[in-house]
1. Restricting attention to strands (runs of 3 or more DSSP E) lying wholly within region 1-100, give those where 1 or more residues are modelled with pLDDT of 95 or more and farther than 23 Å from Thr152 by Cβ.
2. Pairs under 6 Å by beta carbon, first residue assigned to a helix (DSSP H, G or I) in region 317-330, partner aliphatic (A, V, I, L, M), six or more apart or different chains?
3. Only one of Arg369, Arg456, Arg444 is in contact (Cβ under 8 Å) with a residue 12 or more places away in the chain, of a type in the set (Lys, Arg) and outside the structural domain of Trp182 (by TED's automatic domain parsing); which?
4. Going residue by residue through region 92-110, is there one that turns out to be of a type in the set (Val, Ile, Thr) and under 13 Å from the mean Cα position of the chain (by Cα)?
5. In region 10-40, what residues are surrounded by fewer than 16 Cβ atoms within 10 Å (Cβ to Cβ) and more than 30 Å from Thr461 (Cα to Cα)?
6. Inside region 127-159, can you point out the residues that are closer than 23 Å to Val84 by Cα and in a loop (DSSP other than H, G, I, E, B)?
7. Which ones in region 176-233 are free of Cβ contacts under 8 Å to residues at least 60 places away in the same chain and of a type in the set (S, T, N, Q)?
8. Considering region 91-113 alone, what residues qualify as being at positive phi and of a type in the set (Val, Ile, Thr)?
Amino acid sequence: MNDLAVPRDLLARLAAVVGERGIVPPAEQAPYENDWRDQWHGRAACVVRPASVEEVSGVVGLLAELRVPIVPQGGNTSMCGGSVPDTSGTQVVVNLSRMNRIRDVDALNNTITVEAGCVLAHLQEAAAKVDRLFPLSLGAEGSCEIGGNLSTNAGGTGVLKYGNTRELVLGLEVVLPDGRVWNGLRSLRKDNTGYDLKHLFVGAEGTLGIITAAVVKLFPRPRSQATAFVAVEDPAAAVALLSKLREAVGDRVTGFELVSRPCLDLVYRHIPNTRDPLPQPHPWYVLVELSDSTQGPALGELLEGALGAAAEEGVIVDAVLAMSDTQRLDFWRLRESISEAQKIDGVSIKHDVSVPVSKVPDLIEIAGRRLVEKFPDIRIVAFGHVGDGNIHYNCGKPDSAAARDFFAGESPEVNHVVYEVVRELGGSISAEHGLGVLKRDEIREYKSALELGLMRAIKRTLDPHGIMNPGKVL
């Protein structure tokens, strides 16, 4: 793959392309070499921060000529180690955070053209300024960048109505592994002129090229929202509630998040100024949100009526509706703080998996039963986007020292138990976080040889020297 040593004058040659501002001093490289979860630690030959597509092209062209491996990086919020270098000291991190401009907003076409380093929250704000919505939303939106969201095909809390990131992108600008620039920044809804090349790069985790800009879809901004925090007995009741809500209000259901009680206990323990929305604890909860383009109280009345009917049928145990935007945001803060609370509490074995929505209760029940049989004191922290079948199924121990030992020693067996259940239920071992380093080897067990062969053929065609994010995905 990479059989040439890193030239001694590499830093100077890269500085000639990006200028001194585009080179991170060696003493300041650590944030680019370590992941958000503090699970992967690498050492880069250097870290480059180009400020334009021309500079990215120049950097990649130079590194391709020298056969120096490249690690594309955005906000570095990957959960699977996909955005950090290995420990060899031979890989160059190309961080796109300086490429953060919004190039164009077309409110009439409902599109926005942004550079890859644009922070997701800033993109959302730019859409709001023209009275539009960019619906991708996730806990890291204040620091993750749209290039990374695209390269991992991020999901988030709006998938139920708006789809994954793949469904939100119309066009891309990509620097290919030889330094050439493919300008596919088309803002067309219909373009039936052959292979849809953009989808090769969405979800490829930087292994086929570097996304430098994108045209993404905007939507009408919701004029009214209704949000409720609902207690249910079990995940089966949550799935039943989702079905009843869809029957009652159709596609106004834009958020439907499953949360187990252990998740909330961690949030209350570690995140200041959080409190239980309901007077009594319950084993499971659902955070429900409806949105509509019409104004007025009708949506709240719809949700209240649907929840009342569900209560009469025994589908839900209790519920509280948000009576203000502040209360609504408090509900969402509970959901979005789970990952941070887990990180503070200690290490855990994380699973980002998906199954058909109807099989979510089976996943949680069967995997839990099998894990408890093998590890009686295991703590399971399950939550996620039950509306699209994506569950974050995380495993640890109540004691942080025991959790570290558990993570170090039992991860392979825990993964095997969970992934086998996922396979039995027709699911995927990676729903929205990608493969990165974490699942690079395991995917061989859960994808067919034909699929993997096709993926490798595409990789060889676009990146024959294997310099793009080597050791990730494949």
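1. Values: elements: 46-48, 70-73, 92-95.
So the answer is 46-48.
2. Arg328/Ala322
3. Numbers: Arg369 fails: in contact (Cβ under 8 Å) with a residue 12 or more places away in the chain; Arg444 fails: in contact (Cβ under 8 Å) with a residue 12 or more places away in the chain.
After applying the criteria, what remains is Arg456.
4. To start, the set of residues in region 92-110 that are of a type in the set (Val, Ile, Thr) comprises 92-94, 102, 105.
Subsequent filtering for residues that are under 13 Å from the mean Cα position of the chain (by Cα) retains none.
No, that holds for no residue.
5. Ala12, Gly19, Glu20, Arg21, Pro25, Pro26, Ala27, Glu28, Ala30, Pro31, Asp38
6. Of all residues in region 127-159, those closer than 23 Å to Val84 by Cα come to 138-156.
Listed by number, the residues that qualify are Leu138, Gly139, Ala140, Glu141, Gly142, Ser143, Cys144, Thr152, Asn153, Ala154, Gly155, Gly156.
7. From region 176-233, those free of Cβ contacts under 8 Å to residues at least 60 places away in the same chain are 182-184, 186, 188-199, 201-202; that's our starting set.
Within region 176-233, Asn183, Asn192, Thr193 qualify.
8. Step one: of region 91-113, the residues at positive phi are 110.
Listed by number, the list is empty, since nothing qualifies.
The values are calculated or read from the model by the stated rules, or taken from the named source; none is laboratory data. Values in this document were obtained by computation on a predicted structure and should not be read as measured data. Glycine gets a Cβ as well: all are built from the backbone with ideal geometry, and neighbour counts include every protein chain shown.
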